[in-house]
Structure formats: C-alpha cells, structure tokens
Amino acid sequence: MSTLAVNIETLYAVNVQITEDTITVDLSDGRTISAPLAWFPRLEYANSEERANWRLIGKGQGIYWEDLDEDISVDGLLAGRPSGESKDSLKKWLVGRRSPSPNQSVNRMPERLEALRGKFTDGAGYYHRSAGRK
C-alpha cells in the first residue's frame with residue numbers, strides 16, 4: 001500500500017486593509033480574504049489612525065494592533081472565527097478608552113456582538129459565514 005505525501009503550505013499575511021466595515025488580508029499564496037469588521041469589536045470601535053497602526057507578527061501568521069491590544073491570526077480568519085472576547089472584557093476595554101469613537105454606544109456593543117455571533121453560528125456553535133443566510 002502506498003501513501004500520499006501532502007505538503008501543506010503555511011499561509012502568511014502580506015498586507016492588511018481596513019474599510020469602515022471590512023478587514024481584508026492579502027495572503028502569501030496570492031489569495032485575499034475578508035471578514036466583517038463587526039467580528040472584531042476593538043477594530044470596529046477604533047478610529048482610522050488606530051486601525052492603520054498594525055504590524056505583522058509571527059512572520060505574518062498574525063496581525064497586531066498595539067494601540068488596541070488586538071491580534072488576529074490568519075488561521076482564525078481562514079476558519080471564519082470572530083473575536084472570542086467576552087462581553088465583560090469588551091465592556092471594560094471600552095470604558096477604559098480615553099475617547100470612544102463617535103456614534104458608538106458602549107452599552108450596546110456586547111448585545112450587537114452577541115447578535116452577530118448568533119447570525120454566523122450553526123446549531124453546534126461553529127462559525128460559518130453562510131449560517132443565518134436565507
């Protein structure tokens with residue numbers, strides 16, 4: 001019996017772009033992936049200067065925003081995993097910010113995150129982009 005050897009390439013981020021509602025990451029294999037910014041509340045609450053202050057970590061295996069103490073892994077993006085930050089942690093972070101972004105309600109964010117998590121999870125609690133679509 002023969003076996004098939006498969007080389008699995010580790011993917012790295014090479015560039016990051018953030019719009020008002022989307023994070024887009026260019027990968028080392030030429031693909032580009034996107035996720036809703038609402039998946040990452042700290043980025044959603046950040047101003048454009050804070051969003052622009054990112055750096056690649058782990059040779060591109062992750063992206064880190066020092067001003068926000070936020071990091072996102074390429075594997076997590078590929079798996080379609082939103083932020084796992086708890087409601088309490090997010091609320092403490094928002095209250096501790098010097099100046100929240102305009103038009104953002106500190107009290108509404110945990111509920112918005114929960115609603116979004118429900119929209120993108122299947123019955124077993126796994127995240128899927130297509131879950132909740134009609």
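The values are calculated or read from the model by the stated rules, or taken from the named source; none is laboratory data. Values in this document were obtained by computation on a predicted structure and should not be read as measured data. Cβ atoms come from the backbone with ideal geometry, glycine included; neighbour counts cover every protein chain shown. Areas reflect the complete protein model, heavy atoms only, side chains present, ligands, DNA and RNA absent. Shrake-Rupley method; radii C 1.70, N 1.55, O 1.52, S 1.80 Å.
Remarks
- Selection status of GLY80, at positive phi, open to solvent by less than 20 Å² (accessible area, probe 1.4 Å) and in contact with a strand residue (DSSP E or B) (Cβ under 8 Å, 6 or more places away or on another chain): yes
- Counting only strands (runs of 3 or more DSSP E) that sit wholly inside the range 1-62, those with at least 3 residues that are farther than 23 Å from LEU90 by Cβ and open to solvent by 40 Å² or more (accessible area, probe 1.4 Å) are 13-18.
- Subset of the range 63-77 (residues that are farther than 17 Å from ASN15 by Cα and either surrounded by fewer than 13 Cβ atoms within 10 Å (Cβ to Cβ) or in contact (Cβ under 8 Å) with a residue 24 or more places away in the chain (or both)): LEU68, ASP69
To keep it simple, each residue is scored yes or no on (1) at pLDDT 90 or above; (2) farther than 18 Å from GLU20 by Cα.
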| residue | (1), (2) |
| --- | --- |
| ASP75 | yes, yes |
| GLY84 | yes, yes |
| ASN103 | no, no |
| ARG108 | no, yes |
| GLU114 | no, yes |
| LYS119 | no, yes |
| GLY123 | no, yes |
| TYR126 | no, yes |
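- Search result, residues across the range 86-96 that are open to solvent by less than 50 Å² (accessible area, probe 1.4 Å) and in contact with a helix residue (DSSP H, G or I) (Cβ under 7 Å, 6 or more places away or on another chain): LEU90, TRP93, LEU94
- Residue identified as polar (S, T, N, Q) and touching a Ser or Thr at 6+ places or on another chain (Cβ under 9 Å) among THR3, THR22: THR22
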